[in-house]
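Below you'll find the structure, written out as structure tokens, and then a few comments.
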Amino acid sequence: MPMKVLFIGGSGNISTACSRLAAERGVELVHFNRGLRRVELPPRARTIHGDINDRRAMAQALASETFDVVVNWIVFDPAQAAADVEMFAGKIKQYVFISTATVYQKPPRHYVVTEETPLANPFWEYAQKKIATEQFLTEAHRRHGFPVTIVRPSFTYGDTWIPTAFGIDFTSVHRMRHGLPLPLHGDGTSLWVMTHASDFAKGLLGLLGRRDAVGETFHITSDEVLTWNQVYECIAAAAGTQARLVHIPSDFIAKVDPAVGAGLLGDKAHSLVFDNSKIKRFVPEFRCTVPFAEGIRRAIAWLDAHPAEQRLDSNAVVEKILAAWDSRAKS
């Protein structure tokens, strides 16, 4: 019999790619979500509509279902994790918590990160809640045998995202093509890793149903290392233009916009390179095959073909940061 897997969420950037690969591999896949996002899911995937925040209705909707594996893409704090433990304990063989690589110690002691790197992030509440959730689930496994596997993606993008330091929308491409300046944190030489969602999916799918992965933690990223300057150069090349970069200290950006600053000081401002030895040991076939230059070319091509999706949501933040920096230079 095929493995039966429940994706809670399942229609986001990373999870959609994982859904497609699961279908290709013959997994019996069920989604539980509100059905608000219009994404192309595999025909074999079945969706049960519901709200994860209404646990009574969720329990009723899933009452007749049994699953081998549950992957929750939208748990962000210990209370949500506790509700899942109560709902699925003793009923499944594996529960996969999608955490984040932002949980690793910031500032890092060393730029090469392994799963043994300490967890600490004083800059970003999002990461702090993920750390607390990991700790709760790890304790549930230790004390009660709850079958959790923790997975930590880093910056993972797909065919509809333009991953930059300030957002995932079309702002950077729009500004590049119109000759407008773009801020970039620091001097742009810190090391970074971008992972295509289709590559991440290979690692995740390889862990599903693995008894020896229960109680373990994995990050899943590309081995391709770029500087942030190179990231923006790749975006510009794929957009058929050049980037006018304005290098601005991360601390200054954080003062202008604390929300953006949290994501910089708590993540992107630091050089981070991930040692993927552990995921490769458990999933020997895991290899990332989409270099960033190719992945970003596909993303820009998709957005060029879907102009209605070319959102410029982060443009206001970019303008605010540039204006503050320009005002400082003139004072």
- Query: Would you list Met176, Met1 from fewest to most Cβ contacts within 10 Å?
  - Reply: Met1, Met176
- Query: Quick one: longest stretch of the chain between exposed loop GluC sites (Glu not before Pro), exposed meaning at most 14 other C-beta atoms within 10 Å and loop per DSSP?
  - Reply: 117-284
- Message: Nearest 500 deg cm²/dmol is fine: what mean residue ellipticity at 222 nm does the chain get from its DSSP H runs of n ≥ 4 alone, each adding -39,500 (n - 2.57), divided by its residue count?
- Response: -11500 deg cm²/dmol
- Message: Can you tell me the mean projection area, over all orientations, of the convex hull of the range 152-221's alpha carbons? Units nm², please.
- Response: 6.2 nm²
- Query: How do His174, His247 rank when sorted from fewest to most other Cβ atoms within 10 Å of their own Cβ?
  - Reply: His247, His174
- Query: How many angstrom separate the Cα center of the range 128-204 from the Cα center of the range 221-300?
  - Reply: 9 Å
- Antiparallel as a % of all DSSP beta bridges within the range 7-163, to the nearest 5? 5 percent
- Subtracting the Cα-Cα distance from 0.36 nm times the residue separation, let me have the gained length for Glu294 to Asp187 in nm, one decimal. 36.1 nm
- Cα centre as origin, Lys/Arg/Asp/Glu Cβ charges: the chain dipole, Debye: 260 debye
- Item | Cα→Cβ-extended label distance, 7 Å offset, between Ala61 and Ala82, nm | 2.3 nm
- Query: Looking at the chain, what % of its DSSP beta bridges pair antiparallel, to the nearest 5?
  - Reply: 10 percent
- Query: Which whole-number percent is the relative contact order of the chain (Cα, under 8 Å, 6+ apart)?
  - Reply: 19 percent
- Provide the gained length on full extension for the span Arg143 to Ala237, in nm with one decimal, where the gain is 0.36 nm per separating residue minus the Cα-Cα distance. 28.6 nm
- Query: Between Asp223 and Val246, what FRET efficiency follows from the Cβ-Cβ distance if R0 is 35 Å, with the result rounded to 0.05?
  - Reply: 0.70
- Item | P(r) of the range 189-321 over all Cα-Cα pairs, binned every 5 Å from zero, in whole percent | 2, 9, 14, 16, 18, 17, 12, 7, 4, 1
- Message: Run the simple label-point estimate for Asp54 and Asp326 please: 7 Å along Cα→C-beta, distance reported in nm.
- Response: 4.9 nm
- Query: Can you run phi through the Karplus equation (6.51, -1.76, 1.60; θ = phi - 60°) for the range 113-122 and list ³J(HN,Hα) in whole Hz, with x for Gly and Pro?
  - Reply: 10, 10, 5, 8, 4, x, 9, 5, 9, x
- Message: Please compute the length gained on full extension between Arg311 and Arg46, using 0.36 nm multiplied by the number of residues separating them and subtracting their Cα-Cα distance.
- Response: 92.4 nm
- Note on the structure: Scalar couplings 3J(HN,Hα) for the range 43-60 by Karplus 6.51 cos²θ - 1.76 cosθ + 1.60 (θ = phi - 60°), nearest whole Hz, x for Gly and Pro, are x, 6, 6, 10, 10, 10, 7, x, 10, 4, 7, 9, 5, 5, 5, 5, 4, 5
- Message: If you average 1/r across every pair of different Cα atoms in the range 258-315 and take the reciprocal, what Kirkwood value do you get, in Å?
- Response: 15.1 Å
- Message: Looking at the chain, identify the longest residue range that excludes and avoids all trypsin sites (Lys or Arg not before Pro) in DSSP loops having at most 15 other Cβ atoms within 10 Å.
- Response: 110-209
- Using a simple spin-label model with points 7 Å from Cα along the Cα→Cβ vector, what separation in nm is obtained for Lys255 and Arg210? 4.7 nm
- Item | Surrounding net charge for Lys93, when Lys and Arg each add one and Asp and Glu each subtract one, Cβ distance under 15 Å | -2
- Message: Could you tell me which residue out of Ser15, Leu41, Ala63 lies farthest along the dipole of the range 1-155 toward its positive end? Charges go on the beta carbon: Lys and Arg +1, Asp and Glu -1, centred on the Cα centre.
- Response: Leu41
- Message: How large is the direction-averaged shadow of the alpha-carbon convex hull of the range 3-124, in nm²?
- Response: 9.2 nm²
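Here, each number is a calculation from the coordinates, and none is a lab measurement. Bear in mind the structure is a predicted one, so any value in this text is a computation, not a measurement. Cβ atoms come from the backbone with ideal geometry, glycine included; neighbour counts cover every protein chain shown.
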